[in-house]
Amino acid sequence: MGGTPGGIQDIALARRKIDAGQIPFAEDFIAEGLYAEHDLPLEGPPCAQVLCLRTATGIATAIDTDRQEVFVQVGFSSNVDPSTFRRQPLDAALVIDHSGSMQGEPMEAVKEAARRLVAKLDENDTLSLVIFDHTSQVLVKQAPVRDREALLRAIGTIQVAGSTCIECGLRDGYQQLATRGLDASRSRRVFLFTDAMPNVGQTQQSEFMTLLRDHSREGRDLTLFGVNLAFDQAFVTAITSVRGANAFYLSGAERTRAVFDEDFDYLVTPIAYDLKMVLTPAQGFRVEAVYGIPGVAPGASLASLELPTVFLSRRRGAILARLSREADIQPAQRMLSEEFSFTPARGEASPPTLLTASYEGSEPLSSTGTWYSEDTVRKTAALTNFILGARAACTSWHAGDKARARELADRTVELLRTHAEQLDDAALRAEVELASKLAALMVP
């Protein structure tokens, strides 16, 4: 199995907007979300602990600079055996937005998702049900899951009304979880269903992040399920960057089925916290950006980083560091040294992991040369260029420069198509199709 960073777990909102004929906003394309949708395994010996870190290196064109740059992938794998894995018993608080903006399809989608969540629980779990508009109401107090039919009836009674006080619902949900004593053998998690458009009570990202951090320190974490085309992606990206949080956009029935039937036991299972990374570039190299870490904007240049949470996943996740260089790269030349440390969710901490990234080619690599240590890093670099190209195209479009937007979108399609064909990768071909649909919408 693998691990994936917390935060946004998909780019399903961007996909849905494109399918609906809309141009997404740049912030709808999120590197960690796209990585989480793909299995990105790196070569190496079998993983012997709950979280193993590996690296692979690629030297390729960056679409935003049109220069050859160094891409260093950090991959996450785990020794957890899916055939024997069982999640911890769960104290779950369902917090459902029933404000006016949820009218129609969004409300029905939330009810179906809530029913599927209830179906994943058993008598070892507890559940409460909170609904909110401009105020909040506890429909079901925290109690063991015994009368499933009564819970489903309560979900069925929810009607749309009022404004949106997400703070009100969260506080009641956390209060319900607080009625359960802290127990290391159990997980406690609020499941928030919303379109993330608060207009009553707290409305600022920073206020919500403080609220979430305070409760995470008490062992009460958050999973957010988003619905509705009018969904505030930037708000959710920010608030779910805190420790113990993740978020999924429920774009349709198939996406909802996959999240609850295939991923639920993993999305409630953190395997590591506070993953600290110190990136030390060799002389002549510079860290330009790190992609795939919640709360770090694409293009951020940091040498010391912290990943709040790594969750168990059926896919091997990734982050990607990007380096610029001053000269040709020589055989066996080291480009980056990396030191990692983390706290396992259970058990004692392991010693820090030291990794390096070097050029393993046999000839000097010029400023126009391309090289990959393995195919997966090539795919991950291509996915990163997709994010960069799509964000740039959407930014130009919404700024009114439609010709520039179409040019950027077409370049992104061609770059992706080249890698998909040369790797013969079906998942990458699906992204080519998405990028092509986006380009087709951008009519100058």
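Since every read-out is calculated from the coordinates, none of them should be taken as a lab result. These numbers come from a predicted model, not from an experiment. Here the Cβ positions follow ideal geometry from the backbone for every residue, glycine too, while neighbour counts run over all protein chains shown.
Count of the stretch 326-345 residues, restricted to those that are of a type in the set (Asp, Glu) and more than 28 Å from the chain's Cα centre (by Cα), is 2. In summary, Ser337 fulfils each of the numbered conditions (1) surrounded by fewer than 17 Cβ atoms within 10 Å (Cβ to Cβ); (2) touching a Gly at 6+ places or on another chain (Cβ under 9 Å); (3) among the polar types (S, T, N, Q) with the single exception of condition (2). Residues in the stretch 129-150 that are more than 20 Å from Ala196 (Cβ to Cβ) and of a type in the set (A, V, I, L, M): 6 in all. For the stretch 50-79, the tally of residues that are aromatic (Phe, Trp, Tyr) and in contact with a Pro (Cβ under 9 Å, 6 or more places away or on another chain) stands at 1.
Go through the stretch 63-82 and report how many residues are closer than 17 Å to Tyr35 by Cα and not hydroxyl-bearing (Ser, Thr, Tyr). Residues that pass the stated criteria total 6. Any residue in the stretch 266-281 that is without any contact (Cβ under 8 Å) to a residue 12 or more places away in the chain and closer than 30 Å to Thr356 by Cα? So far as the stretch 266-281 goes, no, none of its residues is without any contact (Cβ under 8 Å) to a residue 12 or more places away in the chain and closer than 30 Å to Thr356 by Cα. The set of residues in the stretch 64-89 that are under 22 Å from the mean Cα position of the chain (by Cα) and among the aliphatic types (A, V, I, L, M) comprises Val72, Val74, Val80.
Of the residues making up the stretch 233-250, not a single one is over 30 Å from Glu326 (Cα atoms), surrounded by fewer than 22 Cβ atoms within 10 Å (Cβ to Cβ) and over 15 Å from the mean Cα position of the chain (by Cα).
Just so you know, in the stretch 256-270 the residues that are in contact with a Phe, Trp or Tyr (Cβ under 7 Å, 6 or more places away or on another chain) and not in a helix (DSSP H, G or I) include one that is farthest from Leu53 (Cα to Cα), and it is Thr269.
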